[in-house]
1. Is it fair to say residue 149 is in contact with a His (Cβ under 8 Å, 6 or more places away or on another chain), of a type in the set (Val, Ile, Thr) and at pLDDT 90 or above?
2. From 103, 96, 110, grab the single residue that is within 21 Å of the chain's Cα centre (by Cα), part of a strand (DSSP E or B) and buried (at least 16 other Cβ atoms within 10 Å of the Cβ).
3. Residue by residue through region 7-46, note down the ones that are at pLDDT below 90 and aromatic (Phe, Trp, Tyr).
4. In region 76-93, how many are within 21 Å of residue 18 (Cα to Cα) and either part of a helix (DSSP H, G or I) or touching a His at 6+ places or on another chain (Cβ under 6 Å) (or both)?
5. Just checking, does region 87-94 include any residue being of a type outside the set (Lys, Arg) and without any contact (Cβ under 8 Å) to a residue 40 or more places away in the chain?
6. So which residues in region 182-241 are surrounded by fewer than 16 Cβ atoms within 10 Å (Cβ to Cβ), in contact with a helix residue (DSSP H, G or I) (Cβ under 9 Å, 6 or more places away or on another chain) and closer than 14 Å to residue 172 by Cβ, if there are any at all?
7. From the residues in region 53-85 that are of a type in the set (Val, Ile, Thr) and free of Cβ contacts under 8 Å to residues at least 24 places away in the same chain, which one is farthest from residue 114 (Cα to Cα)?
Amino acid sequence: MGNLQINTTQNVNLDYKIVGIGERIVAFMIDGFILWIYAFLVNIIGDALGYIYEDSWTQRGLVALIFLPAMFYSLLMHSIFNGRTVGKMLLKMRVVRLDGTPVHWSNYLVRWMLRLVDIWIFLGSIGILSILFTERRQRVGDAAAGTVVISTKNKTKVSHTILEEINEEYTPQFTNVTLLTDKDVRLIKDTFLIARRSNDFKTLTALRVKVESILNTKSNLYDVQFLDTVLKDYNYYTQKM
């Protein structure tokens, strides 16, 4: 398992572990098992429909319609769950862009379409060889989409001291904090901590006014709450990329 360093749009370096072939195969098998269960249930439904519809063509059409979501399982799961399928969720991995930008649905579409080459036509041999012999452990679909599969198990935290730890359940309040730069946030946090320790309320108020002017926003929060929220929101969005 190799390392991958991604520079986000806020110029923050994030260090990840690239997932190897073994874990990807296990995740694929978990997803395959889920699809097998789904197909089994669809078959039971099809048998039940046989008692309702005497026309076999109607029965087959309804069964095909019910099974249709399974055909797009990978595409739908990755798009809805931020680069993860059930298998990836269980093994704590997900698909990300190499350049650090959010993965677009078109990237997932490219990966899904090239599964035909990576997995189905050549019985997985192309995908396995591609993962084994490429530096970033990418299958053909990943290379074409500009994506890579990373592990989120032991993701190295952002090394910059400007950021803070937040809970997984944290909900940001200011979506426009991305207008700030890495340098801005470092200065804000340093000034905030010094002023707070010394109870320098005048500086806190001046800092709050300056930040509000940059973000072009107004808030009813007190100065300390406002600045603390801005720092946490910045942390949230940079880690979410």
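1. For residue 149, the condition - in contact with a His (Cβ under 8 Å, 6 or more places away or on another chain), of a type in the set (Val, Ile, Thr) and at pLDDT 90 or above - is not met.
2. 96 is the lone residue from the list that is within 21 Å of the chain's Cα centre (by Cα), part of a strand (DSSP E or B) and buried (at least 16 other Cβ atoms within 10 Å of the Cβ).
3. The answer is 16, and nothing else.
4. Count: 8.
5. Scanning region 87-94 turns up at least one residue that is of a type outside the set (Lys, Arg) and without any contact (Cβ under 8 Å) to a residue 40 or more places away in the chain.
6. 221
7. 58
The values are calculated or read from the model by the stated rules, or taken from the named source; none is laboratory data. Since we're looking at a predicted model, the values are computed, not measured. Using ideal geometry, Cβ is built from the backbone for each residue, glycine included, and neighbour counts are taken over all protein chains shown.
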